[in-house]
1. Give, as a single signed number, the net charge of other residues whose beta carbon lies under 15 Å from the beta carbon of Leu200, with Lys and Arg counted +1 and Asp and Glu -1.
2. Give a quick list of trypsin sites (Lys or Arg not before Pro) in the range 52-114 that DSSP marks as loop, anything other than H, G, I, E or B, with at most 11 other Cβ atoms within 10 Å.
3. So for the range 294-458, Kirkwood radius off the Cα pairs, Stokes-Einstein at 37 °C and 0.692 mPa s: how many µm² s⁻¹?
4. May I ask for the net charge around Asp253, where only other residues with Cβ less than 11 Å from the Cβ of Asp253 are counted and Lys, Arg are +1 while Asp, Glu are -1?
5. Rounded to whole Å, give me the distance from the Cα center of the range 37-56 to that of the range 353-372.
6. Excluding residues on the same chain fewer than 8 positions from Lys373, give the lysines whose Cα lies under 26 Å from its Cα.
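Rule-based calculations on the coordinates, nothing more; no lab input. Keep in mind it's a predicted model, so treat the numbers as computed, not measured. Every residue, glycine as well, gets a Cβ built from its backbone with ideal geometry; the counts of neighbours run over all protein chains shown.
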Amino acid sequence: MSNITEIPSPARASTESEVLLTLDGVSKSYRLWNRPHERFVYGLWSQVPAYAPIALQKLAVHQKAKLGQEVFALSEVSLTIRRGESVGVIGRNGSGKSTLMQLIAGVLQPSSGRAEIHTERVSALLELGSGFDPNFTGRQNVLLHGSLMGLSERENQARIEEVTDFAEIGEYFDRPVKTYSSGMVVRLAFASSITVHADLLIIDEALAVGDIFFQQKCFHKLRQLAKSGVTFLLVSQDPRSISEFCDVTMILDRGHVVFFGDSNQAIDTYYTLTKSFLRASVLRNVVRGQYLEYVKKSDGETLEISKFMEEIPPSLVGPAENPVATFFRFALLDEDGKPTNFFREGNWLTLIFDVRVLEDIENLSPGVVLRDKRGTFLHSKYEHQTDLRGLRTCQAGDQFRVVYSVRLDIAPGQYTLSLDMVSIPPDIIRDNKMSHMDYENNSRWVCSTGTVVSFTVAFDPERVGAQCPHFGMFDLPTRFS
């Protein structure tokens, strides 16, 4: 396909490996109707048989084309998955991810192309619990599900204990599903699907079931399955899961494949395509009158900043009326100077942002605020906390650039960054020191932003002490003696 990003082919299983799934130019289209009667007329023209005169068949095709509008949920997707491979699929909402999974699982039939499953045992975690009969008990539903999956009676019975241990719903296992809470239903459905020991496991956004403890159990089970050689096809908007479980990843955009290759490259490409950059990093000295255009990368090379800068919408910056100063551009880079929203534990993150001064003001101190995906305040840091001598007095029309870098000694997860700025009266600074009480009582808020960038921190298995570096949200400098 002409619109697929070209990258070096990733390391893949031997061509001799058994092929479990083949998609060849698969497309899925739907017709949207402008008026209710068009559906009926379209159905009539569709009844023209193949043995009808060619002129009549052409007329039918012509008339059908004028009725409604054909919309493609997927367009010419090709994919081959071999035993032992793990493939991820990412994309924005409406890109066709769930449609693709339903075609592979046989829930939908393609409008064109060929979709072939070369194994009898495929487990699909799509809409968990949707196939359960509410009048059957949990046990009966699990046994029925196993039978439909092709398990023998002996295999089916043998996995019951594993299902009950995993689902942890106690005595409800032998009660009708209609008495379950929604959380109990998805726990049982996940346990039933994960214990059929499928050759190909299809997971569509099904890893966020139950409470955090059950989610951890699910991830632990998937890691065990991955080590045992189970083939994964994982759809997720969680870059951490994609990075951990998938060797290669496909990006879908409006039904088209726009990238297929190494998972980490796919994540970077996905953020670039969606322009969902919200970035972050630690403050360095920027002397008034100097406008930093280059930063040093970890290898000593210099990096031109301007080509990575993105505009901050004025609607994100406050106050809206009579501002003294404002934030207007930013860039988020990794420790190698590459724009990205994907980091690993212990990586350095750099947030560069530009400030425009609108009125004369003294002792400006910009800062960065870190929050988790729920909006919970975690941490903030201002330039005056690192060096009171770095405060700058500015005149109307001045612009300056701030480079903030921080080492991400935090737990894997999704985070956001916003900007803030205060002005500190010079008379409360004595001998380059300032009390917290003086700061609280006398500092002046100048401007701030809403969330300007989001980023993901992933587990780093190569990090020293990675298996158990710390518990909780942050890793703090520690000594034992």
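1. -4
2. Values: sites: Lys58, Lys64, Lys66, Arg82, Arg83, Arg92, Lys97, Arg114; in loops: Lys66, Arg83, Arg92.
Listed in order of number, the matching sites are Lys66.
3. 196
4. +3
5. So the separation of the two Cα centres works out to 67 Å.
6. Counting by Cα, and skipping residues close in sequence, Lys373 has these lysines nearby: Lys97, Lys217, Lys221, Lys275, Lys338, Lys381.
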